[in-house]
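A quick write-up on the structure given underneath.
The values are calculated or read from the model by the stated rules, or taken from the named source; none is laboratory data. Just so you know, these numbers come straight off a predicted model, no measurement behind them. Cβ placement follows ideal geometry from the backbone for every residue including glycine, while neighbour counts extend to all protein chains displayed. With ligands, DNA and RNA removed, areas are computed over all heavy atoms of the protein, side chains included. Shrake-Rupley method; radii C 1.70, N 1.55, O 1.52, S 1.80 Å.
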Number of protein chains: 2
Amino acid sequence: MSVGKSGRASVAVLGEHEIIEIIRRRLELMPDSPVSFGDDVSAVGLGGKRLAVLKTDMLVGKTDVPSGMSLWQAARKSIVMNVSDFASKGVSPVAVLVALGLPRDLTRQDIEQIADGLNAGAREYGAYVVGGDTNEASDLVVSVSLFGSTEQGKLMLRSGACPGDVLAVTGSFGKSAAGLRLLLDERCSAPNELREGLLQAVYMPKARLPEGLALGQCGAVSASIDSSDGLAWSLHEIARMSNVGFALDRVPMAEEVFRFAELNGFDALDLALYGGEEYELVVTVKANLCAKAAAAVEAVGGCLLPIGKVTGERGIFFHVGGEKRLIEARGWEHFKSEV
Amino acid sequence: MSVGKSGRASVAVLGEHEIIEIIRRRLELMPDSPVSFGDDVSAVGLGGKRLAVLKTDMLVGKTDVPSGMSLWQAARKSIVMNVSDFASKGVSPVAVLVALGLPRDLTRQDIEQIADGLNAGAREYGAYVVGGDTNEASDLVVSVSLFGSTEQGKLMLRSGACPGDVLAVTGSFGKSAAGLRLLLDERCSAPNELREGLLQAVYMPKARLPEGLALGQCGAVSASIDSSDGLAWSLHEIARMSNVGFALDRVPMAEEVFRFAELNGFDALDLALYGGEEYELVVTVKANLCAKAAAAVEAVGGCLLPIGKVTGERGIFFHVGGEKRLIEARGWEHFKSEV
């Protein structure tokens, strides 16, 4: 057990989710907040029905930037992971602020790469970097904040899923988890063309913003989250905040994940469920509006794959080949996770 | 000269202001932005005359938290330094987001102290912490973002000072600089009661929010900035962005600064001009509205001290006892500054 400087349990044993809970309990909450504390974004009333939508998420070099990822890619990723949360709520990012912690040995060229990556990430999703702050730090730290606006009632929250709704996702799972293992575990290997595809998923993640905006517009979604902490974790979050359960009948996985898993002795389903650092949307859709939602996502070039149903009993199960497998509440978590 | 890992000049020789300039030049700027890039806050149009006002500023343990400052005080300070920028623009902070980088050896009690300090800082200025993110990092990193709103034309920018305007400040200078020297330079000393007052300025800084809101309301201010990088630096920023100069005839200093300077062989004026980590407002006021501005600040319990005039020629001079002393463009700067 890890012990802190004063002899008490350190954050290394608490884990990210417990730390957030410790902090939340000590904060005075904003009265009449339009979004529960702990959803993917925060929101503040602007008068009338308009809401300001806000998000912050920090990228830290030593935990979020695997070897081989360039500074340009790291800076872009810091924006993508924030945009993904906006996408899951159906909100366009408008303005980006960036606070940087920079190690002293970075060069002018390094700073230029970071600036270019930030600009590319923002412009890719229609936003602009409008301000920021630079500081000296031991690690590379890229702390991004997003601003956008929407109308009350249009936000897709984590908390609206109802029994009978259809569970659906915007893509397949497991490539980032496989790619991270290739980078972090020297016992793992893959032939070149497989390796490249998996590393691309790690280095150049994409936020499902067009899909999220289309889903927000079509009015068919009852709850939504992204899969940045892993599909299993996302399902448990919707379940907890909507007070429901799930029965899954499939988990979409790319063929590369099966190949990697077989070559290296992993369970492909484990990689898909408990991976994280992946930015698909995980949504529940009113059953009678499924075709409408799928058409809306296809109209922007995406796809919406039904993978199960919302149930009235708590618990999340995967039904496959007559077997019922429990999906655990674990996934990527800072402090605790050691890939 | 410090040299980076690839043999080129590192950020340690570039300095914070040059790094910001390198980044700014590589960003695509938002069209029709209501505030110039590089002012104390950013702003985005909300439709009609409303503007969303945004700010981010990061506190890093190893450079921004001197010895003896508690985690509670550090967390509170991370909010105060952001609120001070809102104060200088005449805008109320409404919502605070916080991204934390936490060293692994922090304990649960440490996290509680940080949460309490964040909450206290936000509530002190009428805002709420509405969301955030936690991460593992080598340094303590508290990256704060603020959101508020105002009306176009009400923001006090750095860029509106005109020759003939009166230069004024909301308080005296030098206590934080003296306190920091006591903490960081073991050759410095002071009797206990002097020491306590100076350290209090470092540990418990205050943002001049009531003063800033009163000045924003009264419509008398042509340009405004806070003094977080030092009075001299603030004057040079207004001068650069308004294309003016200044003739100062006084620099308000607390009696404690003179005592500390005399005891330890410093120039008190140097401490007051080039210190930083101090959060007074530095404003230019239309000459015929000075009494109105002073009355507005006094009505909220503050004071507005005239210290000089805006001039048409560039250059910032302090006229004292028949002598004319040049005020240099230097102050607190990350990477470069070694107190």
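Tabulated data
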| item | result |
| --- | --- |
| Output for segment A:21-34, where each listed residue is more than 8 Å from chain B (Cβ to nearest Cβ) and open to solvent by less than 50 Å² (accessible area, probe 1.4 Å) | A:Pro34 |
| Condition met for B:Thr63 (facing chain A (nearest Cβ under 7 Å) and open to solvent by 10 Å² or more (accessible area, probe 1.4 Å)) | yes |
| Some residue of segment A:205-212 being assigned to a loop (DSSP other than H, G, I, E, B), assigned by TED's automatic domain parsing to the domain that holds A:Leu273 and open to solvent by 20 Å² or more (accessible area, probe 1.4 Å) | yes |
| Test: residue in segment A:297-305 that is hydrophobic (A, V, I, L, M, F, W, C), more than 20 Å from A:Ser92 (Cα to Cα), at pLDDT 95 or above and assigned to a strand (DSSP E or B) | yes |
| Lone qualifier among A:Arg187, A:Arg158, A:Arg195, A:Arg181 - being in a loop (DSSP other than H, G, I, E, B), surrounded by 17 or more Cβ atoms within 10 Å (Cβ to Cβ) and basic (Lys, Arg) | A:Arg158 |
| Filter result for B:Glu277 (in a helix (DSSP H, G or I) and surrounded by 21 or more Cβ atoms within 10 Å (Cβ to Cβ)) | no |
| Qualifying positions in segment A:119-154 - in contact with a Leu (Cβ under 8 Å, 6 or more places away or on another chain), within 7 Å of chain B (Cβ to nearest Cβ) and touching a residue at least 40 places away in the same chain (Cβ under 8 Å) | A:Val141, A:Ser143, A:Ser145, A:Phe147, A:Ser149 |
| Residue list for segment B:249-269, restricted to those being crowded, with 16+ Cβ neighbours inside 10 Å and in a loop (DSSP other than H, G, I, E, B) | B:Val251, B:Pro252, B:Ala254, B:Phe266 |
| Residue match in segment A:140-151 (condition: open to solvent by 10 Å² or more (accessible area, probe 1.4 Å), outside any helix (DSSP H, G or I) and in contact with a Pro (Cβ under 7 Å, 6 or more places away or on another chain)) | yes |
| Condition broken by B:Gly331, with the remaining ones in (1) touching a helix residue (DSSP H, G or I) at 6+ places or on another chain (Cβ under 8 Å); (2) assigned by TED's automatic domain parsing to the domain that holds B:Tyr203; (3) outside any strand (DSSP E or B) satisfied | (2) |
| Filtered residue count, segment B:161-178, keeping only those that are farther than 14 Å from B:Ala223 by Cβ and part of a loop (DSSP other than H, G, I, E, B) | 4 |
| Segment B:116-142: number of residues that are over 18 Å from A:Ile22 (Cα atoms) and among the hydroxyl-bearing types (Ser, Thr, Tyr) | 2 |
| Residue within segment A:281-288 that is loosely packed, with under 14 Cβ neighbours inside 10 Å, over 25 Å from A:Ser159 (Cβ atoms) and in the same structural domain as A:Gly179 (by TED's automatic domain parsing) present | no |
| Some residue of segment A:123-134 being closer than 15 Å to B:Arg26 by Cβ, touching a His at 6+ places or on another chain (Cβ under 9 Å) and either of a type in the set (S, T, N, Q) or not assigned by TED's automatic domain parsing to the domain that holds A:Leu281 (or both) | yes |
| Residue selected from segment B:44-60 under the condition more than 9 Å from chain A (Cβ to nearest Cβ) and surrounded by fewer than 21 Cβ atoms within 10 Å (Cβ to Cβ), by the criterion modelled with the lowest pLDDT | B:Gly48 |
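So that you can scan it fast, the table gives a plain yes or no per residue for (1) modelled with pLDDT under 90; (2) at the interface with another protein chain (Cβ under 8 Å from one of its Cβ atoms); (3) open to solvent by 30 Å² or more (accessible area, probe 1.4 Å):
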{"position": "A:Ser2", "(1), (2), (3)": "yes, yes, yes"}
{"position": "A:Gly7", "(1), (2), (3)": "yes, no, yes"}
{"position": "A:Val13", "(1), (2), (3)": "yes, no, yes"}
{"position": "A:Ile19", "(1), (2), (3)": "no, yes, no"}
{"position": "A:Leu97", "(1), (2), (3)": "no, yes, no"}
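Table: residues versus (1) open to solvent by 10 Å² or more (accessible area, probe 1.4 Å); (2) touching an Asp or Glu at 6+ places or on another chain (Cβ under 7 Å).
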site: A:Ser70; (1), (2): yes, no
site: A:Gln73; (1), (2): yes, no
site: A:Met81; (1), (2): yes, yes
site: A:Ser84; (1), (2): no, yes
site: A:Gly90; (1), (2): yes, no
site: A:Val94; (1), (2): yes, no
site: A:Arg108; (1), (2): yes, no
site: A:Ala115; (1), (2): no, no
